[in-house]
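Written out below as structure tokens is the structure these notes cover.
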Amino acid sequence: MSKDNTPKPFVPLAIAVLTVSDTRDESTDTSGQLLFERLTAAGHQLHEKRIVIDDIYQIRAALSQWIADAAVQAVLVTGGTGFSGRDSTPEAVSVLLDKQVEGFGEVFRHFSLAEIGTSTLQSRALAGFANGTVIFCMPGSTNACRTAWDKIIGEQLDNRHRPCNFVPHLKKTLCDTTRD
């Protein structure tokens, strides 16, 4: 609600989706597809969807481009958060962040515990801000992406969610005049 108790209008965000995988392509990227479906169903706009191999520098290159782009307000990264030798998303992303959202990984693992038990310990999910862009990194599992979006990310990218959300902390676009 706004100060005069009228409902606030929804603010659609421009969101990029990055799938980190050595094996997936557009036809097998069910996690990236789920995130695309969730964000568009919520009323947001897909800026770009991309797949890169699990390589620190390719991950950083894609993210750096979106972080520098004035039009991109959020990035959803799926994959590369485990402990295998090739999993490098946290190492690639953490150095790019201005501020970390420590609670994202904690809350994600809390919800995930009910679904996969102690295997949730093998998720190094993380989130943070870089240049007014929020970045959420989650496991490559489609179920993990569903949990992250449905229980955390969807609300935090909705400017109407109370008591607070991430939208006021994101870079504004020229057409964005409805935020507090």
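The values are calculated or read from the model by the stated rules, or taken from the named source; none is laboratory data. Because the structure is a prediction, the values reported are computed rather than measured. With ideal geometry, Cβ positions are generated from the backbone for all residues, glycine too; neighbour counts draw on all protein chains shown.
For Val95, all conditions in the list (1) over 22 Å from Asn131 (Cα atoms); (2) at pLDDT 95 or above; (3) hydrophobic (A, V, I, L, M, F, W, C) hold save one; what is the number of the exception? For Val95, the exception is condition (1). Listed by first and then second residue, the pairs linking a residue in the range 101-119 that is charged (D, E, K, R) and modelled with pLDDT of 95 or more to a residue that is in a helix (DSSP H, G or I) and exposed (fewer than 13 other Cβ atoms within 10 Å of the Cβ), with Cβ atoms under 6 Å apart and 6 or more places separating them unless they lie on different chains, form an empty list. Restricting attention to the range 120-137, the residues being out of contact with any Ser or Thr (no Cβ under 7 Å at 6 or more places or on another chain) and assigned to a loop (DSSP other than H, G, I, E, B) number 2. Whether a residue is of a type in the set (Val, Ile, Thr) and closer than 25 Å to Thr23 by Cα was assessed, and Thr133 does not pass this test.
Search the range 2-24 for residues that are farther than 14 Å from Asp87 by Cα and aliphatic (A, V, I, L, M) and pair each with any residue that is assigned to a loop (DSSP other than H, G, I, E, B) and modelled with pLDDT under 95 when their beta-carbon atoms are under 8 Å apart and the residues are at least 6 apart or on different chains. Between residues of the range 2-24 that are farther than 14 Å from Asp87 by Cα and aliphatic (A, V, I, L, M) and residues that are assigned to a loop (DSSP other than H, G, I, E, B) and modelled with pLDDT under 95, the close pairs are Val11/Asp176; Val11/Thr178; Val11/Arg179; Ala14/Thr173. Each residue in the range 43-73 was checked for being in contact (Cβ under 8 Å) with a residue 60 or more places away in the chain and surrounded by 19 or more Cβ atoms within 10 Å (Cβ to Cβ), and 6 pass. The residue pairs whose first member lies in the range 163-180 and is under 16 Å from Asp69 (Cα atoms) and of a type in the set (Lys, Arg), whose second member is at pLDDT below 55 and in a loop (DSSP other than H, G, I, E, B), and whose beta carbons are closer than 8 Å, counting only pairs six or more residues apart or on different chains, are Lys172/Arg179. Residues considered: Ile51, Ile67. Of these, the only one that is touching an Asp or Glu at 6+ places or on another chain (Cβ under 8 Å), at pLDDT 95 or above and either of a type in the set (A, V, I, L, M) or not in a loop (DSSP other than H, G, I, E, B) (or both) is Ile51.
So if I check each of Gly105, Gly154, Gly117, which one is surrounded by fewer than 16 Cβ atoms within 10 Å (Cβ to Cβ), among the small types (Gly, Ala, Ser) and in a helix (DSSP H, G or I)?
Numbers: Gly105 fails: surrounded by fewer than 16 Cβ atoms within 10 Å (Cβ to Cβ); Gly154 fails: surrounded by fewer than 16 Cβ atoms within 10 Å (Cβ to Cβ).
None of the other options fit; the residue is Gly117.
Can you find, within the range 70-102, the residue that is nearest to Ile153 (Cα to Cα) among those that are in a strand (DSSP E or B) and of a type outside the set (A, V, I, L, M, F, W, C)?
Only one residue fits best here, namely Thr78.
Among what's in the range 30-42 and is within 16 Å of Cys137 (Cβ to Cβ) and out of contact with any Gly (no Cβ under 9 Å at 6 or more places or on another chain), pick the residue that is surrounded by the fewest Cβ atoms within 10 Å (Cβ to Cβ). Result: Leu34. Restricting attention to the range 76-102 and to residues that are among the polar types (S, T, N, Q) and more than 14 Å from the chain's Cα centre (by Cα), the residue that is nearest to Ile56 (Cα to Cα) turns out to be Ser88. Take the conditions out of contact with any Ser or Thr (no Cβ under 9 Å at 6 or more places or on another chain) and among the aromatic types (Phe, Trp, Tyr) and apply them to Phe108. Does it pass? No: the conditions fail for Phe108.
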